[in-house]
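Participant: Below is one structure. I have some questions about it.
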Amino acid sequence: MQNLDLSYKEIYPKIFVYNKLLPDAKHLHETMKLSEEKSLGKYFYSEWTDWFIFGKYCHSKSQQSIIEGLKKSDQYGSEYDFDLFAKEYNLHHRLNEAVTSAISNYVAINDIALPENSYISDQNIGRYNPGVDTGEGKTMQYHTDYGIGEWYWPGEKFLLTATTYVNDDYEGGEIMFSIGDDIIRYKPEAGDILVFPSGSPLYPGKEPYFHGVDGIRKSSKFLVRMYLKYVAKGEKRWYDGEEKYGKDEWYKIAKERAEGHNTIAVFDGQLKLCSALVTQLYGIDPSTYEAKTNVYYDEDEK
């Protein structure tokens, strides 16, 4: 491992920007574009597919899948671009090295008590198309990566989000945070790795960190997402539901009820619409938010 520069700036409490870990961001950006155009899921990443209306995305493959691909190329004499293989290998390695270091440094500096079964996720690479407007001129609305409506479910949960930006040759596209009464805007530079709370009540508590993306007006924006996650055992509420409705039926009910809780609407930087669950779960004064009327958490809330 090369010597890594863990310099960072704190653009808001608990939002760190590491800007020295990827001096080769330009070359990594070129590899990402090649991967989308030519790889077709052969090497270290899956094939690029539609990312809702936002653009395209792919994810890192398992080591076994990569080995199987190499075996098939040898067995069947299929065309295999070893130059692109090497470039994707370097991309995958550099991202893992840099982002893992940033997350580890962030955890240490903030003295975070990690939940049991914590782990850093694989890579997910995305490309935003320019001109996407999901409302109020935003490419992506304010949201938490942590599933607020699934707080009591068993399974994996998001604790920290680490978003890496490899290019900045686009217009617009600032990342925006809505935290309490504050709105924070930041235009990432090529090579930036942003580490921030995903919205879990475990960290930092009291107030979820909502984030969104301002409208991208020209050229594509590439980013890589990795997360510090943990596996929760689930709360009594979940298992009571399984017992009452049966596992399959309860999952459908709980899934429907979970929709809409981890998004928030901000108008003119002031008025905020959120689900009542947000104020309950984080102990926030309900008067600081206006409750959504189209989402509910319990049957009697309808």
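The values are calculated or read from the model by the stated rules, or taken from the named source; none is laboratory data. Just so you know, these numbers come straight off a predicted model, no measurement behind them. Cβ: placed from backbone, ideal geometry, glycine included. Neighbour counts: every protein chain shown. Surface accessibility is based on the protein's heavy atoms, side chains included, excluding ligands, DNA and RNA. Shrake-Rupley method; radii C 1.70, N 1.55, O 1.52, S 1.80 Å.
Participant: Go through segment 91-130 and give me each residue that's open to solvent by 30 Å² or more (accessible area, probe 1.4 Å), among the polar types (S, T, N, Q) and within 14 Å of residue 7 (Cα to Cα).
Facilitator: 104, 105
Participant: Name every residue in segment 40-76 that is over 19 Å from residue 225 (Cα atoms) and among the β-branched types (Val, Ile, Thr), in order of residue number.
Facilitator: 66, 67
Participant: Taking the stated definitions as given, is residue 126 in contact (Cβ under 8 Å) with a residue 24 or more places away in the chain, more than 26 Å from residue 279 (Cα to Cα) and over 19 Å from the mean Cα position of the chain (by Cα)?
Facilitator: So residue 126 does not fit the description; no.
Participant: Can you tell me which residues in segment 221-232 are under 24 Å from residue 136 (Cβ atoms) and open to solvent by 30 Å² or more (accessible area, probe 1.4 Å)? Before you say what the answer is, go through the steps one by one.
Facilitator: So in segment 221-232, the residues under 24 Å from residue 136 (Cβ atoms) come out as 221-223, 225.
Correct list: 225 only.
Participant: Moving on to the next point. Any idea which of 202, 223 is among the aliphatic types (A, V, I, L, M) and within 24 Å of residue 57 (Cβ to Cβ)? Please lay out each step first, then the result.
Facilitator: Numbers: 202 fails: within 24 Å of residue 57 (Cβ to Cβ).
Exactly one residue qualifies, and that residue is 223.
Participant: List the pairs whose first member sits in segment 52-71 and is of a type in the set (D, E, K, R), whose second member is modelled with pLDDT of 95 or more and assigned to a helix (DSSP H, G or I), and whose Cβ atoms are under 7 Å apart, counting only residues at least 6 apart or on separate chains?
Facilitator: Correct list of pairs: 56/36.
Participant: To continue, here is another question. Let me spell it out: the conditions are (1) at pLDDT 95 or above; (2) under 28 Å from residue 133 (Cβ atoms), and residue 261 meets all of them except one. Which number is the exception?
Facilitator: For residue 261, the exception is condition (1).
Participant: Related question: Any chance you could count how many residues in segment 171-200 are open to solvent by 10 Å² or more (accessible area, probe 1.4 Å), in a loop (DSSP other than H, G, I, E, B) and modelled with pLDDT of 95 or more?
Facilitator: Of the residues in that region, 4 qualify.
Participant: Please go through segment 213-255 and give me each residue that is within 26 Å of residue 11 (Cα to Cα) and free of Cβ contacts under 8 Å to residues at least 40 places away in the same chain, ordered by number.
Facilitator: None - no residue of segment 213-255 is within 26 Å of residue 11 (Cα to Cα) and free of Cβ contacts under 8 Å to residues at least 40 places away in the same chain, so the list stays empty.
Participant: Applying the selection to segment 201-212, what residues are open to solvent by less than 10 Å² (accessible area, probe 1.4 Å) and either assigned to a loop (DSSP other than H, G, I, E, B) or free of Cβ contacts under 8 Å to residues at least 60 places away in the same chain (or both)?
Facilitator: Of everything in segment 201-212, just one residue is open to solvent by less than 10 Å² (accessible area, probe 1.4 Å) and either assigned to a loop (DSSP other than H, G, I, E, B) or free of Cβ contacts under 8 Å to residues at least 60 places away in the same chain (or both), namely 208.
Participant: Can you find a residue that is open to solvent by 60 Å² or more (accessible area, probe 1.4 Å), under 22 Å from the mean Cα position of the chain (by Cα) and without any contact (Cβ under 8 Å) to a residue 60 or more places away in the chain anywhere in segment 74-87?
Facilitator: Within segment 74-87, none of the residues are open to solvent by 60 Å² or more (accessible area, probe 1.4 Å), under 22 Å from the mean Cα position of the chain (by Cα) and without any contact (Cβ under 8 Å) to a residue 60 or more places away in the chain.
Participant: May I pose another question? Considering only segment 139-170, state which residues are in a strand (DSSP E or B), in contact with a Gly (Cβ under 6 Å, 6 or more places away or on another chain) and under 19 Å from residue 275 (Cβ atoms).
Facilitator: 140, 141, 142
Participant: Another one. Answer with yes or no whether residue 222 is within 28 Å of residue 287 (Cα to Cα) and at pLDDT 95 or above.
Facilitator: Taking the combined requirement at face value, the residue does not satisfy it.
Participant: Can you name the condition, by its number, that residue 39 falls short on among (1) within 22 Å of the chain's Cα centre (by Cα); (2) buried (at least 19 other Cβ atoms within 10 Å of the Cβ)?
Facilitator: Status for residue 39: all satisfied but (1).
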